Amino acid sequence: MKISRKVDKIPPSGIREFFELVIGMKDVISLGVGEPDFVTPWNICESAIFSIEKGFTSYTSNKGLYELRAQISRFLKNKHNLSYDPEQEILITTGVSEGLDLVMRGLLNPGDKVLIPLPSYVSYYPVTFLAGARPVFIDTKKTGFKLTPSLVRNNISKGVRAIILNYPANPTGVSYSRKELSELSKVFIRNNLVVISDEIYDELTYDFSHTPISTLKGMKERTVYLNGFSKAYAMTGWRVGYACGPKEIIGAMTKIHQYTMLCTPIMGQIGAIEALRGSSRYVAEMKQEYKRRREFIWDRLNEMGLECAKPEGAFYVFPSIKNTGMDCMRFAKELLNKEKVAVVPGTAFGLREKDHIRISYASNMSDLKEAASRIENFLKKR
Amino acid sequence: MKGILNILEKDARTTPEEISKMVKKSTASVKSTIKKFEKDGVIVKYKTVLNRELIKDDNKAVRALIEVNIAPQRGHGFDHIAERIYRFPEVVSCYLLSGTYDLMLVVEGKDIQAVSSFVSERLATLDNVRGTVTHFLLKKYKEDGDILKRAERDKRVAISF
C-alpha cells in the first residue's frame, strides 16, 4: 500500500539494525535503557488494582480526571509556587510524548520554524516535521551540550516560532540552573518565542533544585510545561503525563486530544493520583540511588579514559569516545559483540559527529559494576 | 557516614573503593569510617541472606514465634530474665514488646520435637516465666525487607530512548 509522502520522508532510525542485534543476544547487560529499573511503587500499583476491582473502567473527561488535575495544580503550587487552573490550563496526556505532539499540532502553522537543540530526544524532530513545521537544529556540542543565549540568538531567523527545551536532558544529563534559565528567558522573550519545555526528568536533579522555566518572570504566558509520571515514579508503562500552559494552547491541544486519544486510560490516571498523594518517600529513595550510581559510573568512565562532563540530572552519561579512534556505531557494536554490554550510539540523538555514546545508569549497582569492568576490559584489549 | 551504612546494608560486598566513588570520599576515609563502625558495634557483622527453601537436601530447620509472659524482677526489670533466655543458641531473635505479652522470641530447632522440648523443658521452666504461646512458622514470604523469591527478570526492552 502506498503511504503518506510526509511519513515516507521521515528517515528510518539509523540504529534499528543495532537494536535488533541487542535484542537478539542473550545475557547482555544493557546500559541502553531509557526508563527506570525500579518497578512502580506498590502503593500506586495497589490503588490501580483496587480501582479496577471497584469498576473504574470507563472513559474520563477528555481533559483527564478532575481530581488528578486538581492534585497536579496543588502539587505545582506547593513545590514551585506555580499556579495553573485545573479547569483550563492543565491537560492530562498519554505520556509527555503525546503532550509534545499535541503542542506541535496545536501551535504551529505550515512553514513555522522550531529550534531544536542537539543532541535531543528522538521524537522532537518527527513531531515537528509531522506538524508541518521546519526544525532548525542547534548543535550544542561546543558549549558543553548546553544552550546559551548567544547560541539561541545566532539561530533566530524569520519564522522561528518556538523552541524545545529539555532539562535535565536526555541523552546528556545536563540541566540548567535558575540563573542560566533566567538569561535564556530574556532571549526567548525578546524574540517572542514559545517555549515547549519537556521537564520529565525534573525530580532527578542532583546538584541544585530544579527550576521550571515557567516560574521565571514573563515566561508563564509563553511556555507549555510538559511533565509526567514516568521517570520520577517509575511509571513508564502507565503512560500518564500532563501539559500546563495558557488556556488557548491547552484548549487547542484538548481539541486534538479529544478526537485522537479521547482520554488517558483511567487506571493510569488513578495510579497517578496515588503517586502524587503518597509516594514522595519512594521518589526520594530512588533519587538517592540514582545519585550514587551517577557518582560511581561517572568516576569509573573518567578513570578508564572515557571523558564525560558530570551529568546534573536524569540517568544518563554521555561520554566522548574520541580517543578510542572508533566511531560510535562501531564502538557500540564491538562492545556488544566482545563484552556483551549495550550502549546507544550518540548519532541516534541527531548528533552529526560520531564521537559520543549514551550510557544509562538506570541499572542496579551490581550490573553497573560488572558493565564498567567489561567496558574497561574492552578498552584495554584494543 | 549514614550513606556508607546504607550502601553496606543493601550490599555488604560493596568494596571501600566502590563506596568511595559513590559517596565522594577518599578510600582511606571510607575504610577508617567502616573500621570505626565495626569497633563501636554499629556494624555487628556481615552475613548472607538465604532462602533455605531453595536449597536441595538442606537440613531444614523449624522455626517458631513464641510469646512469653514474664514477671519482671525487682531492680532488673525484664533485662535479666531476657538475657537468661536469649543466651540459648536456639533463640534466633528476642524482642521486648508492649501489649499482652512481654517477650517475642524466634526459636529454631531441627524439627518440631526439638522446638517443643526447648519450650517445655528450658523456657517454660525458668523462674519468672509465667506462660508461653508457640506459633510454628509455615512459610516465609518476606524477611527484613527482602522478598524471598527468585530474582525477577528485567522486564524492560533492552534498548529504549
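The values are calculated or read from the model by the stated rules, or taken from the named source; none is laboratory data. Predicted model, so just to flag it, every value in this text is computed and none were measured. Backbone-built Cβ (ideal geometry, glycine too); neighbour counts: all protein chains shown.
Before moving on, here are some points about what is shown:
- The C-beta contact set for region A:60-79 (first residue under 20 Å from residue A:98 (Cα atoms), second residue hydrophobic (A, V, I, L, M, F, W, C) and exposed (fewer than 15 other Cβ atoms within 10 Å of the Cβ), distance under 7 angstrom, 6+ apart or interchain) comprises A:62/A:262.
- Total residues in region B:122-140, condition assigned to a loop (DSSP other than H, G, I, E, B) and either basic (Lys, Arg) or within 14 Å of chain A (Cβ to nearest Cβ) (or both): 2
- Scanning region A:330-354 for residues that are over 22 Å from the mean Cα position of the chain (by Cα) and not in a helix (DSSP H, G or I) returns A:340, A:341.
- Filter result for residue A:327 (more than 14 Å from chain B (Cβ to nearest Cβ), free of Cβ contacts under 8 Å to residues at least 60 places away in the same chain and touching a helix residue (DSSP H, G or I) at 6+ places or on another chain (Cβ under 7 Å)): no
- Checking each residue in region B:1-49 for being within 12 Å of another protein chain (Cβ to nearest Cβ), surrounded by fewer than 18 Cβ atoms within 10 Å (Cβ to Cβ) and of a type in the set (Asp, Glu) picks out B:11, B:17.
- Answer residue from region A:172-230, given it is among the hydroxyl-bearing types (Ser, Thr, Tyr) and in contact with a helix residue (DSSP H, G or I) (Cβ under 6 Å, 6 or more places away or on another chain) and is farthest from residue A:153 (Cα to Cα) among those: A:230
- Criterion: within 14 Å of chain B (Cβ to nearest Cβ) and over 17 Å from residue A:352 (Cα atoms) - qualifying residue of A:127, A:160, A:152: A:127
- Region B:36-62: number of residues that are of a type in the set (Lys, Arg) and at pLDDT 95 or above: 3
- Residues satisfying the criterion are absent from region B:126-144 (criterion: of a type in the set (Asp, Glu) and surrounded by 13 or more Cβ atoms within 10 Å (Cβ to Cβ)).
- Some residue of region A:186-194 being crowded, with 21+ Cβ neighbours inside 10 Å, at negative phi, among the polar types (S, T, N, Q) and not assigned by TED's automatic domain parsing to the domain that holds residue A:285: no
- Residues in region A:21-48 that are over 23 Å from the mean Cα position of the chain (by Cα) and either charged (D, E, K, R) or at the interface with chain B (Cβ under 10 Å from one of its Cβ atoms) (or both): A:21, A:24, A:25, A:26, A:27, A:28, A:46.
- Index of the failed condition, residue A:363 passing every other in (1) hydroxyl-bearing (Ser, Thr, Tyr); (2) over 20 Å from residue B:159 (Cα atoms); (3) within 13 Å of chain B (Cβ to nearest Cβ): (2)
- Count of residues meeting criterion [touching a Gly at 6+ places or on another chain (Cβ under 8 Å), within 21 Å of residue A:127 (Cα to Cα) and of a type outside the set (Ser, Thr, Tyr)] in region A:230-271: 10
- Positions within region A:333-344 being under 20 Å from residue A:302 (Cβ atoms) and in contact (Cβ under 8 Å) with a residue 60 or more places away in the chain, in sequence order: A:341, A:343, A:344
Conditions (1) assigned to a loop (DSSP other than H, G, I, E, B); (2) at pLDDT below 95; (3) of a type outside the set (S, T, N, Q), marked per residue:
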| site | (1), (2), (3) |
| --- | --- |
| A:175 | yes, no, no |
| A:185 | no, no, no |
| A:202 | yes, no, yes |
| A:214 | no, no, no |
| A:224 | no, no, yes |
| A:231 | yes, no, yes |
| A:234 | yes, no, yes |
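- Odd one out for residue A:243 among (1) in contact (Cβ under 8 Å) with a residue 24 or more places away in the chain; (2) surrounded by fewer than 19 Cβ atoms within 10 Å (Cβ to Cβ); (3) closer than 17 Å to residue A:101 by Cα: (2)
- Members of region A:104-145 found to be acidic (Asp, Glu) and more than 28 Å from residue A:33 (Cα to Cα), listed by number: A:112
Every residue, every condition in (1) closer than 19 Å to residue A:157 by Cβ; (2) touching a residue at least 12 places away in the same chain (Cβ under 8 Å); (3) within 17 Å of the chain's Cα centre (by Cα), yes or no:
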position	(1), (2), (3)
A:90	no, yes, no
A:96	no, yes, yes
A:99	no, yes, yes
A:105	no, yes, no
A:108	yes, yes, no
A:111	yes, yes, no
A:117	yes, yes, yes
A:121	no, yes, yes
A:126	no, yes, yes
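- Counting the residues of region A:156-173 that are in a loop (DSSP other than H, G, I, E, B), hydrophobic (A, V, I, L, M, F, W, C) and either under 21 Å from the mean Cα position of the chain (by Cα) or not assigned by TED's automatic domain parsing to the domain that holds residue A:96 (or both) gives 1.
- Residue under evaluation residue A:207, criteria (1) in a loop (DSSP other than H, G, I, E, B); (2) more than 19 Å from residue A:275 (Cα to Cα); (3) without any contact (Cβ under 8 Å) to a residue 60 or more places away in the chain, criterion not met: (3)
- Any hit, region A:275-287, residues being away from chain B (no Cβ under 14 Å) and surrounded by 20 or more Cβ atoms within 10 Å (Cβ to Cβ): yes
- Check on residue A:268, at positive phi, touching a residue at least 12 places away in the same chain (Cβ under 8 Å) and not aliphatic (A, V, I, L, M): no
- Unmet requirement for residue A:311, which otherwise passes all of (1) within 13 Å of chain B (Cβ to nearest Cβ); (2) part of a loop (DSSP other than H, G, I, E, B); (3) surrounded by 18 or more Cβ atoms within 10 Å (Cβ to Cβ); (4) not aliphatic (A, V, I, L, M): (1)
- Tallying residues that are surrounded by 23 or more Cβ atoms within 10 Å (Cβ to Cβ) and in contact with a Cys (Cβ under 7 Å, 6 or more places away or on another chain) within region A:314-324 yields 4.
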